[in-house]
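Undergrad: This structure is in structure tokens; I'll ask about it shortly.
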Amino acid sequence: MRRILLICTCFGCLAAASDAGEIVLRSKAAVRVSIVRLSDLAEVKGSEGDQSELLAAMPLMPAPAAGSTRFLRAAEVRDLLVARGVNLSGWRIVGADAVEFSASKAGAAQTDEQGTPSAKLSGADQLTLLIKNYLQQKTGHELWSVTADADDEVLAVVEDGGANVAVSGGKAPWAGRQRFYLSTGGAKPVAVYARVERMVMAAFAVRSIERGELVRRSDVELRPFGGSLPSSAVTSPDAVIGKEATQRVPEGTLVLGSYVRSPIVVRRGERVSVRARAAGIVVSTFAIAQQDGGVGDLVTVEVIDRKERYAARVSGVRELEVFAAEPRATEMAAAPAALAK
């Protein structure tokens, strides 16, 4: 018994050491500035000093229109933080399952400067957040990667100016090396260069997924992606969960639509049931599948004993359907006239 208690105590100490803190979501919140920050929606409880303050000041999204209400689930808060490069290892998001927040008319009318980062952050962090906020306001796009080339003069303007620092400059398409200007009151603007990259959220494999495996929710997560996103990239984990990998997807790989498919439920050579629907009448028969297919796929089947082939769409395990108006003519180009019989 003593040995068991000692082991439990050791595990408890290890867990405590690796636990950075908690982000406690409120059930309701009121936003009084133009940019919603984590501190508006949650209480950050951590033991890492400046990390807690940095998290609390992290901008998440533009505030909703005055008088309107928005909801954010815990998973969405996590995705927004990760998109801004926050390492949430050891941090737990607890509290309400979703936070309801709204902006008052007075809050919506306040100036953008009131949404600037806390003066407790370093000058470099404040500068980065200032430029990100400026880009969000100019373009309406929320996710940006900003690397500023700031010298002592620039950092002094940011640290001394606080909420009075205004950002200007930059130009479309708001990517690459950009020149911005920082000004406070009537002082001469100070130029600062920054490399800007527009980020989007896309699905990445968090572990290696082997060919033939079904993708689980824990296998993929949204991460920020910079540059030109492939048109077939998956931007919602729900689009691939439950599907079968058509090839090996290494850990950390951007997931493309071609990497997955619906699980095979009809296999070549199997005897399958085919239902034909037309004008409210359903006729069932049997055939032999000539191709593998998942739900929604169009496959060729062969009529038993007649060697006639036609196309049908997979609807379930060893089940297919043919509709009067489907498949389309282009899909049926190679199908014989047997379908009309």
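The values are calculated or read from the model by the stated rules, or taken from the named source; none is laboratory data. Note that the coordinates shown come from a computational prediction; the quantities given were computed from them, not determined experimentally. Because the Cβ atoms are built from the backbone with ideal geometry, glycine has one as well, and the counts that use them run over all protein chains shown.
Undergrad: Any chance region 128-144 includes a residue that's assigned to a helix (DSSP H, G or I), of a type in the set (A, V, I, L, M, F, W, C) and without any contact (Cβ under 8 Å) to a residue 60 or more places away in the chain?
TA: The answer is yes; a qualifying residue exists.
Undergrad: Specify which of the listed residues (Ala172, Ala166, Ala187, Ala156) is among the small types (Gly, Ala, Ser) and surrounded by 14 or more Cβ atoms within 10 Å (Cβ to Cβ).
TA: Step by step, each of Ala172, Ala166, Ala187, Ala156 is checked, and only Ala166 is among the small types (Gly, Ala, Ser) and surrounded by 14 or more Cβ atoms within 10 Å (Cβ to Cβ).
Undergrad: Follow-up question, since we're still on this one. Can you name the condition, by its number, that Arg275 falls short on among (1) of a type outside the set (Asp, Glu); (2) free of Cβ contacts under 8 Å to residues at least 40 places away in the same chain; (3) at negative phi?
TA: Tallying (1) of a type outside the set (Asp, Glu); (2) free of Cβ contacts under 8 Å to residues at least 40 places away in the same chain; (3) at negative phi, Arg275 fails exactly one: (2).
Undergrad: Kindly indicate whether any position in region 249-265 is at negative phi, hydroxyl-bearing (Ser, Thr, Tyr), part of a strand (DSSP E or B) and at pLDDT 90 or above.
TA: The answer is no, given that none of the residues of region 249-265 is at negative phi, hydroxyl-bearing (Ser, Thr, Tyr), part of a strand (DSSP E or B) and at pLDDT 90 or above.
Undergrad: If you take the residues of region 27-42 that are closer than 9 Å to Ser102 by Cα, hydrophobic (A, V, I, L, M, F, W, C) and surrounded by fewer than 21 Cβ atoms within 10 Å (Cβ to Cβ), which of them is nearest to the chain's Cα centre (by Cα)?
TA: Looking at residues that are closer than 9 Å to Ser102 by Cα, hydrophobic (A, V, I, L, M, F, W, C) and surrounded by fewer than 21 Cβ atoms within 10 Å (Cβ to Cβ), I get Ala29.
Let's see how each residue does on (1) crowded, with 21+ Cβ neighbours inside 10 Å; (2) not in a strand (DSSP E or B):
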residue: Asp160; (1), (2): no, yes
residue: Met201; (1), (2): no, no
residue: Leu222; (1), (2): yes, no
residue: Phe225; (1), (2): yes, no
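Undergrad: Do the conditions hold for Gln136, that is, is it modelled with pLDDT of 80 or more, under 21 Å from the mean Cα position of the chain (by Cα) and among the polar types (S, T, N, Q)?
TA: Judged against the criteria, Gln136 is a match.
Undergrad: Taking region 37-71 as the region of interest, how many residues are at pLDDT 80 or above and among the hydrophobic types (A, V, I, L, M, F, W, C)?
TA: So the count comes out to 9.
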